[in-house]
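Below: the structure, in structure tokens.
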Amino acid sequence: MVHQIYRRNLDKCWNCGFCTEAVSCPSPQACIGCQSCYLACYREAIEPIKQKIKPEITIIVDEQPVSVPSQVTIKTALETLGIRFSRFPHSPDIFAPCQTGGCFSCLVLVDSKILRSCHMPVKAGQHIQTKLPEDFIPHRIVGWYSPHPVGGVGTPGSAKNFGRSRFSYIEVACFTAGCNLRCKTCQNFDTTYNSRAPAVTPHEAAEILTRLRKKYHVNRLAISGGEPTLNRRWLTQFFSELKSLNPDPDARLHLDTNASILTPDYIDELVLAGITDIGPDLKAVQLATYQIITGITEPTLARQYLETSWAAVKYIADYYYPNQIFMGVGLPYNAAFFSSSDQKETELHKWGARLSAIDDHIQVCILDYRPTFRRRDICRPSVEEIRYVKQLLEGIGLKTVIAQTKLGHLPPIQPAPDRLKHQ
């Protein structure tokens with residue numbers, strides 16, 4: 001039996017330091033195949049190699065002594081025993097979506113300590129419990145707290161600084177590490193693939209963000225990523241804490257998300273916790289385009305993520321928008337996502353038509369994806385190109401389309417309708 005580990009290819013490496021400064025290697029002396037550095041390296045200088053499984057060791061799993069391979073992660077060791085992990089929440093599987101140590105979803109109890117199974121080496125004699133205590137306090141890597149002049153996808157156009165000073169802030173935000181997608185154009189990869197920053201509780205993150213709100217005298221408090229929804233227990237508690245610390249009616253609690261695991265029951269829980277604004281980022285409408293943008297190669301998983309995100313938007317539109325929560329939808333755009341002009345036109349028309357059929361008043365924000373991470377070869381779309389996409393969507397019937405460009409945001413051709421009340 002062989003196991004995949006990873007080595008740095010010095011011919012490709014630029015010695016940027018990201019794989020050591022942002023990525024926390026759980027076993028520097030002997031690779032255990034956690035993938036963190038491999039997935040994070042924008043030069044793709046970390047390469048997989050096959051290695052024979054090391055001699056077996058004995059550990060205790062759920063009170064039973066078992067033999068597992070050595071020099072692997074706890075997650076891999078448990079998988080050899082038939083314990084299932086999944087990248088979409090399925091009970092009783094252990095949810096392990098990010099695979100980089102950022103989201104803290106794949107936790108297990110190891111010698112009375114709650115640890116990330118994807119990011120810890122298995123050791124002889126460990127006592128592992130796959131079921132966590134009911135009262136455990138969730139943690140995850142969250143940071144990069146900052147004020148913003150234009151907000152995110154879920155920020156209403158009426159609040160954005162169209163043409164105003166970039167130093168006039170409207171929102172404060174924090175960002176989570178860890179994402180279930182593998183976008184080669186990840187616009188926030190230095191956060192997404194960070195596994196070294198300290199993990200915090202929901203209360204700690206909410207307190208810091210609340211202090212930032214007071215410092216900058218704004219009413220909007222947001223969380224983005226990475227992907228915030230990966231750790232459900234953490235996120236719902238975070239919004240509950242944020243609501244408790246900001247009980248005034250002016251406070252707006254905002255989530256930006258790829259919506260790929262945002263099921264109706266999860267949405268209900270977030271609304272109950274206090275969320276007031278949401279920005280689902282609908283990457284595509286066709287599966288092939290979605291796979292190109294997100295880097296999810298498994299068609300079944302990609303389809304599940306794609307359809308869950310669209311279903312989330314429809315559910316919110318049908319039951320919560322616009323009277324209870326505000327929703328703005330993101331459309332990432334770069335010509336490099338498409339194999340031809342015809343394919344681009346088809347994708348954009350189908351995307352606009354599907355959203356218009358749900359509700360043509362939903363705010364759309366076109367995101368001009370710039371060259372970054374593993375696609376530094378692409379060009380940032382011109383203002384004229386983004387304006388064309390904006391006009392195309394408006395021609396389909398979408399009433400409130402905003403566009404992000406290198407010169408600032410293009411406002412909608414008409415203001416948001418009066419029925420969008422709580423902005």
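Results, tabulated for the structure shown:
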{"quantity": "Residue ranges of strands (runs of 3 or more DSSP E) in region 123-232 with at least 3 members on the phi > 0 side of the Ramachandran plot", "calculated": "none"}
{"quantity": "Among (1) over 17 Å from the mean Cα position of the chain (by Cα); (2) buried (at least 20 other Cβ atoms within 10 Å of the Cβ), the one test that residue 224 misses", "calculated": "(1)"}
{"quantity": "Matching residues, region 29-83, being surrounded by 16 or more Cβ atoms within 10 Å (Cβ to Cβ), in a strand (DSSP E or B) and of a type in the set (A, V, I, L, M)", "calculated": "46, 57, 59, 61, 66, 68"}
{"quantity": "Region 235-266: number of residues that are assigned to a strand (DSSP E or B), in contact with a Gly (Cβ under 6 Å, 6 or more places away or on another chain) and not aliphatic (A, V, I, L, M)", "calculated": "2"}
{"quantity": "Flag for residue 25 being crowded, with 16+ Cβ neighbours inside 10 Å and touching a Ser or Thr at 6+ places or on another chain (Cβ under 9 Å)", "calculated": "yes"}
{"quantity": "Residue among 218, 153, 172, 142 that is touching a Pro at 6+ places or on another chain (Cβ under 9 Å), of a type in the set (Val, Ile, Thr) and within 30 Å of residue 336 (Cβ to Cβ)", "calculated": "153"}
{"quantity": "Residue among 403, 416 that alone is of a type in the set (Gly, Ala, Ser), at pLDDT below 95 and either over 23 Å from residue 295 (Cβ atoms) or assigned to a strand (DSSP E or B) (or both)", "calculated": "416"}
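The values are calculated or read from the model by the stated rules, or taken from the named source; none is laboratory data. The model shown is predicted, which means the values in this text are computed figures rather than measured ones. Neighbour counts are summed over all protein chains in view; Cβ atoms, including those assigned to glycine, are modelled from backbone coordinates with ideal geometry.
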